[in-house]
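See below for the structure under consideration.
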Amino acid sequence: MDYNFREIEAKWQKYWAKNQTFKASNNSDKPKYYVLDMFPYPSGAGLHVGHPLGYIASDIYARYKRHNGFNVLHPMGYDSFGLPAEQYAIQTGQHPAITTEANIKRYREQLDQLGFSFDWSREVRTSDPKYYKWTQWVFIQLFNSWYNKTSDKAEDISTLVSIFEKEGNTKVQAVCDDDVQEFGAKDWAGFSDRTRQEILLQYRLTYLADTEVNWCPALGTVLANDEIVNGISERGGHPVIRKKMTQWSMRITAYAQRLLDGLDSIDWPQPLKDSQTNWIGRSEGAHVEFNVQNEDYKIAVFTTRPDTIFGTSFMTLAPEHELVAKITTAEQKAQVEAYVEATAKRSERDRMADVKSISGVFTGAYAEHPFTKEPIPIWIGDYVLASYGTGAVMAVPCGDQRDYDFAKHFDIPIPNIFDGADISEEAFADKANTIIGNSDFLNGLNFKEATRKVIDELEKIGQGEGKINYRLRDAVFSRQRYWGEPFPVYYVDGMPQMIADEHLPLELPEVEKYLPTETGEPPLGNATHWAWNTQTNTVVANELIDDKTIFPLELNTMPGWAGSSQYFNRYMDSQNNEAIYSEEAIGYWQDVDLYIGGSEHATGHLLYSRFWQKFLFDMGIAPKKEYAKKLINQGMITGTSAIVYRISGTNKYVSLGLKSEYEVEELRVDVNLVNTSDEIRVEDLRNWQPEFKEAEFILEDGKYVVGREVEKMSKRWFNVVNPDNICEEYGADSLRLYEMFLGPLEQSKPWNTAGITGVHSFLKKLWKLYANMEEAVQPTADNLKTLHKTIKKVEEDIENFSFNTSVSTFMICVNELTAQKCKSKAILEPLAILVSPYAPHIAEELWEKLGHQESISTAAFPKFDEKHLVENSKEYPISFNGKMRFKLELPLDMGKDEIEAVVMAHEKTQAQLNGREPKKVIVVPGKIVNIVG
RNA sequence: GCCUUGGUGGCGGAAUUGGUAGACGCGCUGGAUUCAAAAUCCAGUUCUUUCGGGAGUGUGGGUUCGAUUCCCACCCAAGGUACCA
């Protein structure tokens, strides 16, 4: 009987679903193992062959762990809030929930078709109110918390209130806004309720703040940096300005140090850890305050080089700095204002990317050097960013290249404060070789000594202190979108109030239009029923708002990363409606053992989710500080575009081999029309798109051959390959094997469907092997050697996530067993288990043929036995000067001297030496012989 | 610029601590089978050669009996990222 993969795969997919084969139990005597994939955004385009790469790898690992006696949790769900569904809604009026539902259905069909061992009973969807109830719940917990630097963890806000009642805020060590006013216990007692709320908001882990955003007035919305090209919106080409907006923020900066420290405890790829480290951007230095001459203002700066303070010859403020308007002199006013306005039009990314042009304006004001009391001119320049540090720089041109360039450009003096450094051409930034000179009490000191000394002196005069600064900023958590989680927040007298836990979820309201309102409010401003009745605890019509018992609700929604920040924990008990998850569930599963996903999430999802986990840990809601022990990045699969060549100015197309004879244009055509030999059927092309209908084709050898180009898989290049067609033609097992066979999991690699015939015929050969199986036949020594060699290699490969080499190993194994005419059940039975994580359908079918009633998924993984691999001779490579020239079979127990004697006496050795006398003979028993000379 | 990863036949890739470079598969060539094709099977396939051999893992050096593997310098590609003070 032939290998009928269509029948087999359908049969076992049905079996697994019916028997809930992969349903994981929350209590078991077996050790637990949690394998997690990054859940997909269900886009309208469906899955392409790049998506399943990581899912196949994690599925192999999950199945392998089951064979090794683990209780495996392997869930899947959907990150189903997002922009594309909203864009589609704006265009068509179709509710995003409907689009999303349809897309999920298609994703599910495609995923099912690939035979993954997911426990679908635990599925989550971030857009499902039953799920986002808990996203809202975490938000409320964050609101009700503050960060206590003394205990170095988040605590309930009530502990902060009792500190305020006892002693005010002068002593408390808390992470909070920069501009909090000091108050005592008496003050606190006298504050109105509203004032208290305002103060507490400055300490909460999620808080309202005015944040700078890229505002596009024409689109009525905020844009991300990458949605802006050359200062105008990518969509529509409208102007974009920097604008302050009141938004929710997450005080992730409170966790900066712990997020950094935690990296040491997790097995994540080093490049990923590096990018998180850089993103957090810890730098040690000093906070220094400069007085403004003749004014009562102070300019605070952060510097990593306080040792160079005597080299300060000017200061630069970010154009947005709040002091700019206050200190600018009348003569400079026009120039400064023009510059500030020009800067507001540039995006932050723009300003940062432009390294070459130097611009800035003198404010006319002077600061005063803290030690020399000399005047220092204050400039503004767009190379200083308001959002980093204090938005002001003490410029030391002799020690910093940017300051140097700025000084040169504007003819500002460049005093040299380094002993023996030449600064005629460029700044001297070498900390290690710094000896300070020309700097009063710092003279003769090196970087470390000078830094310590200057910080001491700054503290003495009350104008500075040592400080650790982080590049990491608090994360803006508001989005002016419809298709996201609503905030469980209503406003009383402008102050945010949380809806009580028991009334969650607060569900998204219906709206007529998904665009911002005419007054520039977010889409939820279009809702007619979006007010909170505090008596009935329900959403009611807006016209009922009386600001006594009925209040307006928050109009922003949460960002994309909200729903993905704790989903890995929710899977542990995803159907629980009473709690985010039960203590028993998380007590059993603890954390993710293996997480597989793309590296593009390095500083987004993978950082924010670590932050939430640490918060949940502080609150006693999660038992682990880090939620994923091990993480692996899968590489991207690139597409191989197909190109046809049109003779310029005609409707004639010429085959690849003949294109050099003409002047041609390259056109990309659908790769699915091309066969494995890069030939395209002209008739198919005519039917594909109207422009080819009447075209003329110039063939070579009666064929039209296309050109190929490797590039990102994208609809616009027509190079997207869907798994569906491949499953139909070759089966899921072939696709699974082929995706793994392509190359190392972490590397990006091009897709070319042609090669799949190799793994497909491997499966056919495997199938054939079992057709002649005979129960009674005893395995030969060769059979056992082949089997155990394979067990050893496959086991090592899976442990090392080297799935591509296992596929080769299977091929070698089947080739050898076929050559040996192996019929023994004692060999074929364990072989089926070895193959099963990779090609589960065929493995189940063969397992059944072997006479088993139960699914192969729980069969124990075969045990490797060294004794079958013991050899007693070795084919020694005989090298001359390191180059292998011939081989010689010798017993493994032969000694060094004896080997040398045999080799030297050999006729081929003599022929190689051609009369020369060898200088040296290296013999490594069991490995190699090398003759030098 | 910086950080990270990578560079091996026509292609995807393999080579476990430095020890036979090119496993395995695709493609290609030849053959068997077939009326023919598909499918299947067999043989060959890094380059070069005077058929003895010689060269060869991005480039140039180095360490070593021996380097794809270790060290130094450089080139190229991909991804990330910053006027970060």
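The values are calculated or read from the model by the stated rules, or taken from the named source; none is laboratory data. Remember, it's a predicted structure, so these values are computed and weren't measured experimentally. With ideal geometry, Cβ positions are generated from the backbone for all residues, glycine too; neighbour counts draw on all protein chains shown.
Among the aliphatic types (A, V, I, L, M) and within 14 Å of RNA strand B (Cβ to nearest atom), is that true of A:Ile833?
On the way: among the aliphatic types (A, V, I, L, M): yes; within 14 Å of RNA strand B (Cβ to nearest atom): no.
So A:Ile833 fails the test.
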Query raised in the report: Name the residues in the range A:256-276 that are touching a strand residue (DSSP E or B) at 6+ places or on another chain (Cβ under 8 Å) and over 16 Å from A:Ile632 (Cα atoms), would you?
Result: A:Ala256, A:Gln257, A:Leu260
**Report entry** A:Gly381 vs. criteria in contact with a helix residue (DSSP H, G or I) (Cβ under 7 Å, 6 or more places away or on another chain), outside the structural domain of A:Thr603 (by TED's automatic domain parsing) and not polar (S, T, N, Q)
**Finding:** yes
**Report entry** Among residues of the range A:310-333, those that are more than 12 Å from RNA strand B (Cβ to nearest atom), assigned to a loop (DSSP other than H, G, I, E, B) and of a type in the set (D, E, K, R), counted
**Finding:** 2
Requested in this report: Among the residues of the range A:1-24, write down those that are of a type in the set (S, T, N, Q) and either surrounded by 14 or more Cβ atoms within 10 Å (Cβ to Cβ) or under 20 Å from A:Lys65 (Cα atoms) (or both).
Outcome: A:Gln13, A:Asn19, A:Gln20, A:Thr21
Query raised in the report: Only one of these conditions is not met by A:Ala432: (1) out of contact with any Pro (no Cβ under 7 Å at 6 or more places or on another chain); (2) in contact (Cβ under 8 Å) with a residue 60 or more places away in the chain. Which number is it?
Result: (2)
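Okay, residues lined up against (1) in a loop (DSSP other than H, G, I, E, B); (2) within 12 Å of RNA strand B (Cβ to nearest atom); (3) small (Gly, Ala, Ser):
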residue: A:Met740; (1), (2), (3): no, yes, no
residue: A:Pro744; (1), (2), (3): yes, yes, no
residue: A:Thr757; (1), (2), (3): no, yes, no
residue: A:Lys765; (1), (2), (3): no, yes, no
residue: A:Lys789; (1), (2), (3): no, yes, no
residue: A:Ser808; (1), (2), (3): no, yes, yes
Query raised in the report: Of all residues in the range A:788-822 being within 27 Å of A:Gly755 (Cβ to Cβ) and charged (D, E, K, R), which is surrounded by the fewest Cβ atoms within 10 Å (Cβ to Cβ)?
Result: A:Glu799
Query - Residue that is farther than 23 Å from A:Pro319 by Cβ, within 13 Å of RNA strand B (Cβ to nearest atom) and assigned to a loop (DSSP other than H, G, I, E, B), where the choices are A:Ala421, A:Ala427, A:Ala386 - result: A:Ala427
Report summary line: Restricting attention to the range A:526-579, the residues that are more than 21 Å from A:Phe477 (Cα to Cα) and hydroxyl-bearing (Ser, Thr, Tyr) number exactly 7
Query raised in the report: Do you know which residues across the range A:778-787 are crowded, with 17+ Cβ neighbours inside 10 Å and away from RNA strand B (no atom under 16 Å from the Cβ)?
Result: A:Pro779, A:Asn783, A:Leu784
Query - Conditions (1) buried (at least 16 other Cβ atoms within 10 Å of the Cβ); (2) more than 18 Å from the chain's Cα centre (by Cα): number failed by A:Asp296 - result: (1)
Query raised in the report: Out of all the residues in the range A:258-309, which are charged (D, E, K, R) and assigned to a helix (DSSP H, G or I)?
Result: A:Arg258, A:Asp261, A:Asp264, A:Lys273, A:Asp274, A:Asp307
Query raised in the report: If you scan the range A:65-74, which residues turn out to be over 12 Å from A:Leu594 (Cα atoms) and buried (at least 24 other Cβ atoms within 10 Å of the Cβ)?
Result: A:Arg66
Report summary line: Going through (1) outside any helix (DSSP H, G or I); (2) away from RNA strand B (no atom under 16 Å from the Cβ) one by one, A:Lys467 fails only at (2)
Query raised in the report: What single numbered condition from (1) modelled with pLDDT under 75; (2) surrounded by 21 or more Cβ atoms within 10 Å (Cβ to Cβ); (3) not polar (S, T, N, Q) fails to hold for A:Glu700?
Result: (2)
Requested in this report: Please determine, by comparing only the residues of the range A:855-897 that are loosely packed, with under 15 Cβ neighbours inside 10 Å and of a type in the set (Val, Ile, Thr), which one is modelled with the lowest pLDDT.
Outcome: A:Val870
Query raised in the report: Name the residues in the range A:79-89 that are within 23 Å of A:Leu114 (Cα to Cα) and surrounded by 24 or more Cβ atoms within 10 Å (Cβ to Cβ), would you?
Result: A:Ser80
Report summary line: Exactly one of A:Ser761, A:Ser748, A:Ser714 is modelled with pLDDT under 85, hydroxyl-bearing (Ser, Thr, Tyr) and over 24 Å from A:Val682 (Cα atoms), and that one is A:Ser748
Query - Every pair of residues 6+ apart whose Cβ atoms lie under 6 Å, when the first sits in the range A:812-826 and is closer than 18 Å to A:Leu846 by Cα while the second is at pLDDT below 90 and among the charged types (D, E, K, R) - result: A:Lys823/A:Glu774; A:Lys825/A:Glu775
